[in-house]
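Each reported figure results from applying straightforward, stated rules to the coordinates on display, with no laboratory input. On a predicted model such as this, the values are computed, not experimentally measured, just so you know. A quick note on method: Cβ atoms are made from the backbone with ideal geometry, for glycine too, and the neighbour counts reach across all protein chains shown.
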Amino acid sequence: MASIELQQIAHQYPSTSGEMPSYALNPLQQCWQDGGAYALLGPSGCGKTTLLNIISGLLQPSEGRVLFDNTNVTALGPEQRNIAQVFQFPVVYDTLSVADNLAFPLRNRGLGKAEIAARVKTVLDMLGLSARANVKARNLNADDKQKISLGRGLVRTDVNAILFDEPLTVIDPHLKWQLRTELKKIHQQFGHTMIYVTHDQTEALTFADKVIVMLAGSIVQIGTPQELFEHPAHTFVGRFIGSPGMNILPCEVQGTQILVGGSPVATTALTCAGLPGLELGVRPEFVTFSETGGVAATVTGIEDTGRHRIVRALVNDTKICGILREGESLPAAPRVLLDPARIKLYQHSHLLAGQVP
Amino acid sequence: MKAMNNKAWFMVLPVLLLVALSAIIPLMTVVNYSVQDSFGNNEFFWVGTEWFQEVLNSERFHNALLRTLLFSGLILAIEIPLGIAIALAMPKRGIGVSVCLVLMALPLLIPWNVVGTIWQVFGRVDIGLLGHGLASAGIDYNYTQNTFDAWATLLIMDVWHWTSLVVLLCYSGLVAIPEVYYQAAQIDGASRWAVFRYIQLPKIKRVLLIAVLLRFMDSFMIYTEPFVVTGGGPGNATTFLSIDLVQMAVGQFDLGPAAAMSLIYFLIILLLCWVFYTVMTSQDNAANGGRQGGEG
């Protein structure tokens, strides 16, 4: 196990058209602690898989250095870095049995027979695959195959980190939760450094101690799930995390008043009056509807999710959505109230300084 | 109850006629010849399985069958591994792919008798580049007189002509393997051999089966090339079943034995193809035919 440090890592894929290639990954600096559970969260094409492959050594970064426990491993391949990686689609060796699949990485490393057998047995028990140890791997279903992919990493005692590249994409929804719980358990039991790439916020927030949100080849925020929810550093993080995402409303500030579409909705202590490109961010959880106060709104739609209802409304032609909890009802002429303590101000998508958690 | 509409059968009629004319009637003619004898004048009389017994007991047939089996065995033993090796060595992307594919496809476009003629001339000691070259180098080579030389020439010619087919089939199987398998193997520390043995070979097995079947059938039925190059000689050294059959049917006009031999020949090919297919797919069938997932 090891801590992982990225120093000024950047990557460009070779261009096929001869133009100057753009960065798939913009220069970034990042340190991951030994034994942490991290999630790389972002939309498709944001560079998270590129970053993961740079850490594992499948990809050589075009710039920068990768350090494991302060040792430069940039030029080493994945087998020398002692990395385990689980891919989006389960990779098993079709013609080998489940047990042989698990033994494969150990045999390649030339371990003794007795030791291999013992370790394979441990992992088979851990994954609940003992009963099918001698079944050919190709006859398993997708989630058991994915367990084998994971098992080939767990069977090695010397792995520095286990990397996951959207490992639950092809797994049935009801098994996703189960596998995620198992992963979490394995993490607590063995304390491997785990890095988990996903575009699913639920997976990221439930799996990781720290979530790294990426957008267009750059890291936009790193934080605990709670920090990301409460203090998004970027409007993208606000919108991407939460369901529904944060309301981002174009606004103006006059003195201490925040105006949305000309109507004052809240006050701010920040001195940002007159700045261009201001936006107000507030989570739907902190938008309430009442008969008095606030600003008038026109309700355009209500979605019932079972647990609560999502109300979509217009405030001076600006879309806003709020949440009605169970038992709450919508007034006949609703007015929108924003929780002043939960309002964030952004300029050009970035959180304005001075709004400390 | 709905009335049966039998008009649809008229639509199938042209196909039935075509198949009857092209396959069923000729085959039944052969069956007919195989159980009868004739002294000319279009008079036939029934002989039962006599011709079959004669053919099956004749040394001439045994020798030809053994020669043909040996030839097919050697062809498979050379072309399959060589084809896989070349497919593995071919580039996976870039301009090299098209160049290699075109080069590989070229021999496949040449007609059989042209291939035979090319090698017949190529190997001649007096004017052929190969034959004369070998003779000049002091190597005693003459495919018209030496059995070994004749066999070597035919084998090399077939390898030159048909290995491409194996290469193209294997290559198509190889490029279909997702990159992630190689990445996983790299992470598992697999050697080059382990990657081939546990990823590439299992993944190309299906196309390889087709390659083996095609190459077996073709080489087992080979006629044109040995006919052009060696004419079955020296002596009977390269008289394969097909050449023997033609000699019997056209040369000697022994219609009965020739028909019996054709049928036996046909059944042998059918039987061996079935054996190949069964053996190579037995693994799949043994384990509940699990083709779910993981294929691509």
- Item | Those chymotrypsin sites (Phe, Trp or Tyr not before Pro) in the stretch B:1-53 that DSSP places in a loop and that have at most 11 other beta carbons within 10 Å | B:Phe39
- Task: Could you tally the net charge around B:His161, taking each other residue with its Cβ under 13 Å from the Cβ of B:His161, Lys/Arg +1 and Asp/Glu -1?
- Result: -3
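Run the numbers on chain A and let me know its relative contact order in percent, using alpha-carbon pairs under 8 Å that are six or more apart.
16 percent
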- Query: At q = 0.05, 0.10, 0.11, 0.12 Å⁻¹, what is the log10 ratio I(q)/I(0) for the protein assembly as shown, with the Debye formula run over Cα points and no solvent?
  - Reply: -0.44, -1.04, -1.14, -1.23
- In units of 2.2 N^0.38 Å, the Cα radius of gyration of the stretch B:67-147 is 1.42
- Cα long-axis angle, helix A:173-190 against chain A (0 to 90 degrees, to the nearest 10): 70 degrees
- Over the stretch A:206-357, what number does the Rg to Rh ratio reach, with both radii from the alpha-carbon atoms and Rh per Kirkwood? 0.97
- Assuming R0 = 30 Å, what is the FRET efficiency of A:Gln188 and A:Arg307, from their Cβ-Cβ distance, to the nearest 0.05? 0.55
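Please check chain A for the longest run free of trypsin sites (Lys or Arg not before Pro) that are loop-located per DSSP (anything but H, G, I, E, B) and have at most 10 other Cβ atoms within 10 Å. Display every interim value, and only then the final one.
Numbers: sites that count: A:Arg307, A:Arg325.
That would be A:1-306.
Where does each of B:Ser172, A:Ser263 land when they are ranked from fewest to most other beta-carbon atoms within 10 angstrom?
Values: B:Ser172 12, A:Ser263 16.
Going from least to most buried by this count: B:Ser172, A:Ser263.
Which of the chymotrypsin sites (Phe, Trp or Tyr not before Pro) across the stretch B:221-258 are loop residues per DSSP, with 11 or fewer other Cβ within 10 Å?
Working: sites: B:Tyr223, B:Phe227, B:Phe240, B:Phe253; in loops: B:Tyr223, B:Phe240, B:Phe253.
Here the sparse-neighbourhood loop sites are B:Phe253.
From the Cα gyration tensor of the stretch B:131-190, with a ≥ b ≥ c the square roots of its eigenvalues, which class applies: rounded if a/c is under 1.5, or else prolate if a/b is larger than b/c, or else oblate?
Values: a/c = 4.85, a/b = 3.02, b/c = 1.61.
Prolate shape, in that a/c is at least 1.5 and a/b is the bigger ratio.
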- Message: So if I take the centroid of the Cα atoms in the stretch A:211-239 and the same for the stretch B:184-239, what is the distance between those two points in Å?
- Response: 56 Å
- Message: Can you tell me which aspartates and glutamates have their Cα less than 20 Å from the Cα of A:Lys113? Leave out same-chain residues fewer than eight positions away.
- Response: A:Asp100, A:Asp125, A:Asp158, B:Asp188
- Task: Measure of size requested: the Rg and Dmax of chain A, with Cα atoms as the atom set and Å as the unit; please supply both.
- Result: 24.4, 77
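By counting other Cβ atoms within 10 Å of each Cβ, how are B:Thr68, A:Thr206, A:Thr95 ranked from fewest to most? Mind showing how you got there, number by number?
On the way: B:Thr68 22, A:Thr206 15, A:Thr95 18.
The order, fewest Cβ neighbours first, is A:Thr206, A:Thr95, B:Thr68.
Which whole-number value in Å³ per residue fits the convex hull of the alpha carbons of the stretch B:30-280?
Working: hull volume 41.3 nm³, N = 251.
Dividing the Cα hull volume of the stretch B:30-280 by its residues yields 165 Å³.
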- Query: How far, in degrees from 0 to 90, does helix A:113-127 lean away from the longest principal axis of the Cα atoms of chain A, to the nearest 10?
  - Reply: 30 degrees
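Placing +1 at every Lys and Arg Cβ and -1 at every Asp and Glu Cβ, with all other atoms neutral, what dipole size does the protein assembly as shown have around its Cα centre, in debye to the nearest 20? All intermediate terms of the calculation are to be shown ahead of the outcome.
Working: 44 positive and 50 negative charges, 240 e Å.
Value, rounded to 20: 1160 debye.
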- Message: How high is the relative contact order of the stretch B:1-79? Use alpha-carbon pairs under 8 Å, at least six apart in sequence, and give a whole percent.
- Response: 14 percent
- Message: With unit charges on the beta carbons (Lys and Arg positive, Asp and Glu negative) and the dipole taken about the Cα centre of the protein assembly as shown, which residue among B:Trp46, A:Leu124, A:His11 sits farthest to the positive side?
- Response: A:Leu124
- Query: Hey, fewest Cβ within 10 Å first, where do A:His174, B:His161, A:His308, A:His348 land in order?
  - Reply: A:His174, A:His348, A:His308, B:His161
- Message: I need the Debye-formula profile for the stretch B:156-296: one equal scatterer per C-alpha, no solvent, reported as log10 I(q)/I(0) at q = 0.13, 0.18 1/Å, two decimals.
- Response: -0.76, -1.09
- Item | Given chain B, longest segment not containing exposed loop GluC sites (Glu not before Pro) (DSSP; at most 16 other Cβ within 10 Å) | B:44-294
- Query: Using the scaling law 2.2 N^0.38 Å as the reference, what is the normalised Cα Rg of the stretch A:186-281?
  - Reply: 1.38
- Scanning chain B for trypsin sites (Lys or Arg not before Pro) in DSSP loops with at most 11 other Cβ atoms within 10 Å, what's the longest stretch left with none? B:94-290
- Message: Suppose only helical runs count, i.e. DSSP H with n ≥ 4. What mean residue ellipticity at 222 nm does that imply for chain A under -39500 (n - 2.57) per run, divided by all residues and rounded to the nearest 500 deg cm²/dmol?
- Response: -7500 deg cm²/dmol
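Please state the relative contact order of the stretch A:166-221 as a whole percent: Cα pairs under 8 Å, 6+ residues apart?
Working: 24 pairs, mean separation 13.5, N = 56.
Across the stretch A:166-221, relative contact order equals 24 percent.
Show that you can apply the helix-only estimate: for chain B, add -39,500 (n - 2.57) for every DSSP H stretch of four or more residues, divide by all residues, and state [θ] at 222 nm to the nearest 500. Could you put the intermediate results ahead of the total?
Details: 14 runs with 197 residues, N = 296.
Roughly -21500 deg cm²/dmol at 222 nm, from the helical runs in chain B.
Strictly over 25 Å apart at the Cα level, which of A:Lys185/A:Lys210; A:Lys185/B:Lys203; A:Lys48/A:Lys147; A:Lys48/A:Lys176; A:Lys48/A:Lys319; A:Lys48/A:Lys121 would you flag in this model?
Working: A:Lys185/A:Lys210 17 Å; A:Lys185/B:Lys203 35 Å; A:Lys48/A:Lys147 22 Å; A:Lys48/A:Lys176 21 Å; A:Lys48/A:Lys319 31 Å; A:Lys48/A:Lys121 34 Å.
Over 25 Å Cα-Cα: A:Lys185/B:Lys203; A:Lys48/A:Lys319; A:Lys48/A:Lys121.
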- Task: With r as the distance between the Cβ atoms of B:Ile210 and B:Lys92 and R0 = 22 Å, compute the FRET efficiency 1/(1 + (r/R0)^6) and round to 0.05.
- Result: 0.55
